Amino acid sequence: EAVLVHHRWVFVCFFLMPLSILFDVYYHLRAWAVWRLHSAPRQHAQRVRNIQAQVREWKKEGSKRYMCTGRPGWLTVSLRVGKYKKTHKNIMINLMDVLEVDSERQVVRVEPLVTMGQLTAYLNPMGWTVPVVPELDDLTIGGLIMGTGIESSSHIYGLFQHTCVAYELVLADGSLVRCSPTENSDLFYAVPWSCGTLGFLVAAEIKMVPAKKYVKIHYQPVRGLQKICEKFTEESKKKENSFVEGLVYSLDEAVIMTGVLTDEAEQNKINRIGNYYKPWFFKHVEQYLKEDRTGTEYIPSRHYYHRHTRSIFWELQDIIPFGNNPVFRYLFGWMVPPKISLLKLTQGEAIRKLYEQHHVVQDMLVPMKSLEKSIQTFHDDLHVYPLWLCPFILPNNPGMVHPKGDETELYVDIGAYGEPRRKQFEARASMRQMEKFVRSMHGFQMLYADCYMTREEFWDMFDGSLYHKLREEMNCKDAFPEVYDKICKAARH
């Protein structure tokens, strides 16, 4: 275990990276076969009936245990390993196909285990994409709806849930329902952030937008915390920016990036950043800061959408310290990144504890007006850099997450991923302090991460009124745990 902790790269490079390639090949071949045989829509109804039968079987057995999806915990992108999988009734949901593309309505209908990498690869050749493409290839549609998803286009479109127009769910009584803003609207607004505690998602309809070939991206280094926040807020309010993103490298140094979708590009300024031998994106961006210069380049759209995938944002530098070295990139970069799911599966208790105590993976969503105060708090309590800044518009819809006032409000996601450099960092105490701050700003914590709040604090952060009403009405209380019990630290013991 000592070797695994301090020289994990040996295991990752020689075992996990080749294994990840095999994993990918299998899923690509399967997706291709389904597409060639057009079998997905035909088999979908049968698979849903199978899920309904499993739920009815659970009822017949006396509804003794809570239900959850049978997908193993290690397969999810969240670093949390839920122990509940071992104690709950596992319902097998093998739904991983794109069902139909409706160009007239500009909607794509997909099953919940479709990944972002799979969806963009499917839609792009047809000239379409989805408005919000969360970063990592392996994120699933179900996870992005039941949890949440965000991208640098969210200042226009909102969170991933705000681009969805309908959901189909199998409920606790085994019935299949469709919900949308006009049909079963309470359920439609309660599903996001509910983490599978209202029913099993079996399909979703998502808006599509025309895809363009390139993103014309402008890099601007900014120094001074106040100036960083002013510039970032100003760019986030501009609807002419297709994308806005900030990487904060220290308390008073950042690079603000703005992008515009285009079909035209200056050939000498095209940067295919997604190619395996290219520098990691966050390192490429840092060069503009080091050289103190602005710059403009054209990145192919799909490369842009998955720009942080190869380095798992900047997490891979902790696992493979020499991963961005040109020699390593040219020889082995085509095998990067190792699957997050395989990293989880093989991490062992020593690494898990080490990560829990000395590593932070958190996304906090706070109102844009409190950005300066928030960065300062992240600096004081965690001292993790780079920080990821991603703006998003939060409409005043019903459900667990909405602004404090009656109007749509501009928020920002602050992502901290890495090893805290603060001397007195202690996972539980430090994160509770951060959570308290986020609640005081009327912000929200993404639920894929470790949550240390008490039940009262949790429901102070989130609006549970609609959620609890529906759990009562739909008899969910005996069928599914409450979302707090599923995601909080206690759920893992």
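Structure notes:
- For ILE91, distant residues with modelled amide H under 5 Å away: CYS68, THR69, GLY70
- Links that overshoot a 20 Å alpha carbon limit, given the list LYS369/LYS423; LYS369/LYS436; LYS227/LYS369; LYS369/LYS404; LYS231/LYS278; LYS89/LYS353: LYS369/LYS423; LYS231/LYS278; LYS89/LYS353
- Mean Cα-pair separation over length for the chain, i.e. relative contact order, pairs under 8 Å, 6 or more apart, %: 18
- For region 241-394, radius of gyration divided by Kirkwood radius, i.e. Rg to Rh on alpha-carbons: 0.97
- Kirkwood Rh and Cα Rg combined as Rg/Rh, the chain: 0.94
- Rg and Dmax of region 33-210, Cα atoms only, in Å: 16.0, 50
- Among the chymotrypsin sites (Phe, Trp or Tyr not before Pro) in region 203-312, those placed in a DSSP loop whose Cβ has at most 16 other Cβ atoms within 10 Å are TYR276, TYR277.
- In sequence order, calculated HN-Hα J values of region 225-232 (Karplus, 6.51, -1.76, 1.60; Hz; x Gly/Pro): 4, 4, 5, 4, 5, 5, 5, 5
- Cβ-based charge dipole, the chain, positive-most Cα from VAL114, THR454, ILE93: ILE93
- Note: region 434-493, Cα convex hull, 88 Å³ per residue.
- Restricting attention to the chain, close to 95% of DSSP beta bridges with both partner residues there are antiparallel.
- In the full protein context, the chain carries 43 Å² of accessible surface per residue, based on a 1.4 Å probe and ignoring ligands, DNA and RNA.
- J(HN,Hα) series, region 353-360, from Karplus relation 6.51 cos²θ - 1.76 cosθ + 1.60, nearest Hz, glycine and proline x: 5, 4, 4, 5, 8, 10, 9, 10
The values are calculated or read from the model by the stated rules, or taken from the named source; none is laboratory data. Computed from a predicted structure; not experimentally measured. Neighbour counts are summed over all protein chains in view; Cβ atoms, including those assigned to glycine, are modelled from backbone coordinates with ideal geometry. Just so you know, the surface numbers come from the protein's heavy atoms only, side chains and all, with ligands and any DNA or RNA stripped out. Shrake-Rupley method; radii C 1.70, N 1.55, O 1.52, S 1.80 Å.
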